[in-house]
Amino acid sequence: MSGQPTAARRRLRFGALEILAVGAVVLVVAQPRLVSMFDNPALQTAATVFVSIIVQALPFLVVGVLLSAAIGAFVPKSFWQRALPANRVVAVPVAGAAGLLLPGCECASVPVAGSLMARGVAPAAALAFLLSAPAINPIVLVSTFVAFPGQPQMVLARLVASFATAVFMGWLWLRFGRAKWLRMPERTHLEGSTPFHTFRLTASHDFLHAGGFLVVGGLAAAAMNVAMPSEWMESISGNPVLAVLGLALLAVVLSICSEADAFVAASFTSFSLTARLAFLVVGPMIDLKLMSMQAGIFGRAFAVRFAPTTFVVAVAVSSLVGWWLLS
Amino acid sequence: MTREIQSIILLLVGIATLRISWGTTYLNYVKESMRPWLLVSGVILVVLGAWLLIDAMRARPASGASGAESGTPTEAADDGHAHSGPRAAWLLLIPVLTIFLVAPPALGAYSASRDTTNSIATDRSMAPLPPGDPVTLYLSDYVTRAVWDGGRTLVGRSVSLTGFVLAQPDGSWLLARMQLNCCAADAFASKVRPVNIPPDAGLLPEGTWVTLTGTWIPSEEVGTEETIPLVDVAGLVVIEEPTNPYD
């Protein structure tokens, strides 16, 4: 058992470094050919959109992993027991409301929620936080206010609908969720010798992990951005039901940062305010890059159940809130 | 995935981030306000990567004379994780390579031709134009003033507009420029139709950057979100792509 696997593993590892080195040389040599491959305007546009999604998300991801690493390394587990009500049904809305405090976009909240679960916070509460933080934080609400001049009810509607969706999803998990769907982040190997050591190891690990999945989502979003015909949008804006579903799906596909999505939503002027609300509620909670990151951090079994359910709940809640506040 | 490779990937992502935000390349992808955040993130990633590398190098002598990277209990545990864990980190090389090898350009004619909405309806009252003859305007500002304010603030003023040539099926061209809300994933286009262009300028290749000076002239169309306003060209200069290619 001890001898051969170790040797095999060593060879494999050596191979990885080698691949990196040889790959670098080949790529540098082949660079002119690579660039000419990207001469196609559609491919070039997709590459630009891809890089810009990653570049835009990167600082938020860095903030998110630093925060989650700090939670893991410096905040004692007992803190969460004191900060959150012991009753889980009550803990869900409290955690959801705590989302007001994390001024980041959705890329930051995925590692933070993972870290909260690893520190013993009830999954239902951590999930409510995961969904609400990117949607209702102050930066997002202010940008919504700026993007919809003269329509402050849009800010209220966004706050109410996002919070309600997050809390409802938390309670759903409490009632129907199964612990085995969640592949809880395995973190024992990230325990360093000092809290600072742990902090550093966790931050590096989480960045590499979540960043890799961000890349998958960014690639998918860039491809859709270029492949999607722009005309179909206009054709559905007249039908109230299709309009809501269409913009909700578009939010999933575009994967825009929650701090900018209000400006994009504002530009869909042929759509009803309710449809645009659905765009704003769905986008920060579930989009291609988030699905990919959630699958990476919480496991595939979780993501295939959580993502579609979130979508349905978010669309339903936005329609209700839109009917109540925006019509 | 060994600590060494993790640290190299962290370093590469950090260096790529610094590389684009140190100069002006980042303006092809995001807004100017992102720059400090990108610089700080780049530094943090480089520091994390360098630290991890030092860790790995320190751990080496303790693991025996063979020079193998592993041996300490923590490293062994990390290895067990490698098959489910940050293997995804390899994917981070895709954007790094795209930035260094392909260097995707700013969005241009292809995106502009796909965007059919030209300006969003507004009932905001337009402030008078600032002084200047000609006065330099963003293309989007000109479009909004022309379409939603009936050109009221543009009457009698000479304006200077910068954008790129967007070829039309009928052989004419529009002056277009992209604008970002946040990043290139949410970009949209503004377009104006130049009239009375100098005859030789009719042959400008698509994507050429030009600065037009001219005056607003009314069109008979009723203003809609697709309306492309006109500008009567008095002067046309071909220029280099601006440092910030977006409006």
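If you check B:Ala109 against the conditions, is it within 24 Å of B:Ala167 (Cβ to Cβ) and more than 7 Å from chain A (Cβ to nearest Cβ)? Criteria met by B:Ala109. Of all the listed residues (B:Leu174, B:Leu230), the sole one being under 30 Å from A:Gln56 (Cβ atoms) and touching a Pro at 6+ places or on another chain (Cβ under 8 Å) is B:Leu174. For the range A:206-218, give me each residue that is more than 7 Å from chain B (Cβ to nearest Cβ) and under 16 Å from B:Tyr29 (Cα atoms). Passing the criteria: only A:Gly218.
For the range A:252-281, a residue qualifies if it is more than 23 Å from B:Thr122 (Cα to Cα) and assigned to a helix (DSSP H, G or I), and the qualifying residues are A:Val252, A:Val253, A:Leu254, A:Val281. Quick one: is B:Val40 more than 8 Å from every other protein chain (Cβ to nearest Cβ), in a helix (DSSP H, G or I), surrounded by fewer than 20 Cβ atoms within 10 Å (Cβ to Cβ) and not aromatic (Phe, Trp, Tyr)? Against the criterion (more than 8 Å from every other protein chain (Cβ to nearest Cβ), in a helix (DSSP H, G or I), surrounded by fewer than 20 Cβ atoms within 10 Å (Cβ to Cβ) and not aromatic (Phe, Trp, Tyr)), B:Val40 does not qualify. Yes or no: B:Ser33 assigned to a helix (DSSP H, G or I), in contact with a helix residue (DSSP H, G or I) (Cβ under 8 Å, 6 or more places away or on another chain) and of a type outside the set (A, V, I, L, M, F, W, C)? Judged against the criteria, B:Ser33 is not a match. Out of curiosity, is A:Val282 under 30 Å from A:His209 (Cα atoms) and within 14 Å of chain B (Cβ to nearest Cβ)? The answer is no for A:Val282. Just to verify a result, which residue in the range A:122-143, among those that are among the β-branched types (Val, Ile, Thr) and open to solvent by 10 Å² or more (accessible area, probe 1.4 Å), is nearest to the chain's Cα centre (by Cα)? Filtering the range A:122-143 for residues that are among the β-branched types (Val, Ile, Thr) and open to solvent by 10 Å² or more (accessible area, probe 1.4 Å), the one nearest to the chain's Cα centre (by Cα) comes out as A:Ile139.
Each row is one residue, and each column tells you yes or no for (1) basic (Lys, Arg); (2) over 24 Å from A:Ala223 (Cα atoms).
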residue: A:Thr269; (1), (2): no, yes
residue: A:Leu277; (1), (2): no, yes
residue: A:Ile286; (1), (2): no, no
residue: A:Leu290; (1), (2): no, no
residue: A:Arg300; (1), (2): yes, no
residue: A:Val304; (1), (2): no, no
residue: A:Val317; (1), (2): no, yes
residue: A:Leu320; (1), (2): no, yes
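Here is the figure for the range B:117-156: residues that are out of contact with any strand residue (DSSP E or B) (no Cβ under 6 Å at 6 or more places or on another chain), assigned to a loop (DSSP other than H, G, I, E, B), more than 20 Å from B:Leu180 (Cβ to Cβ) and open to solvent by 40 Å² or more (accessible area, probe 1.4 Å) total 11. Quick test of your reading of the structure: B:Ala185 fulfils all but one of (1) assigned to a strand (DSSP E or B); (2) within 14 Å of the chain's Cα centre (by Cα). Name the failing condition by number. Only one criterion in (1) assigned to a strand (DSSP E or B); (2) within 14 Å of the chain's Cα centre (by Cα) is unmet by B:Ala185, namely (1). Within the range A:261-278, the residues that satisfy the criterion of being open to solvent by less than 20 Å² (accessible area, probe 1.4 Å), within 14 Å of A:Val155 (Cα to Cα) and within 12 Å of chain B (Cβ to nearest Cβ) are A:Asp261, A:Ala262, A:Ala265, A:Ala266.
Each row is one residue, and each column tells you yes or no for (1) over 30 Å from A:Ala265 (Cβ atoms); (2) among the acidic types (Asp, Glu); (3) open to solvent by 40 Å² or more (accessible area, probe 1.4 Å); (4) modelled with pLDDT of 95 or more.
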{"site": "B:Leu180", "(1), (2), (3), (4)": "no, no, no, no"}
{"site": "B:Asp200", "(1), (2), (3), (4)": "yes, yes, yes, no"}
{"site": "B:Pro205", "(1), (2), (3), (4)": "yes, no, yes, no"}
{"site": "B:Val210", "(1), (2), (3), (4)": "yes, no, no, yes"}
{"site": "B:Ile228", "(1), (2), (3), (4)": "no, no, yes, no"}
{"site": "B:Thr243", "(1), (2), (3), (4)": "no, no, yes, no"}
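Tallying residues that are open to solvent by 20 Å² or more (accessible area, probe 1.4 Å), in a helix (DSSP H, G or I) and not polar (S, T, N, Q) within the range A:227-251 yields 10.
Quick one: B:Phe188 ticks every box in (1) within 21 Å of B:Tyr246 (Cα to Cα); (2) surrounded by fewer than 19 Cβ atoms within 10 Å (Cβ to Cβ) bar one, so which box is it? Failed condition: (2).
Among all positions in the range A:254-267, there is no residue which is at pLDDT 85 or above and among the small types (Gly, Ala, Ser).
The values are calculated or read from the model by the stated rules, or taken from the named source; none is laboratory data. Note that the coordinates shown come from a computational prediction; the quantities given were computed from them, not determined experimentally. Here the Cβ is made from the backbone with ideal geometry for all residues, glycine too, and neighbour counts use every protein chain on show. Accessible surface areas use protein heavy atoms only, side chains included; no ligands, DNA or RNA. Shrake-Rupley method; radii C 1.70, N 1.55, O 1.52, S 1.80 Å.
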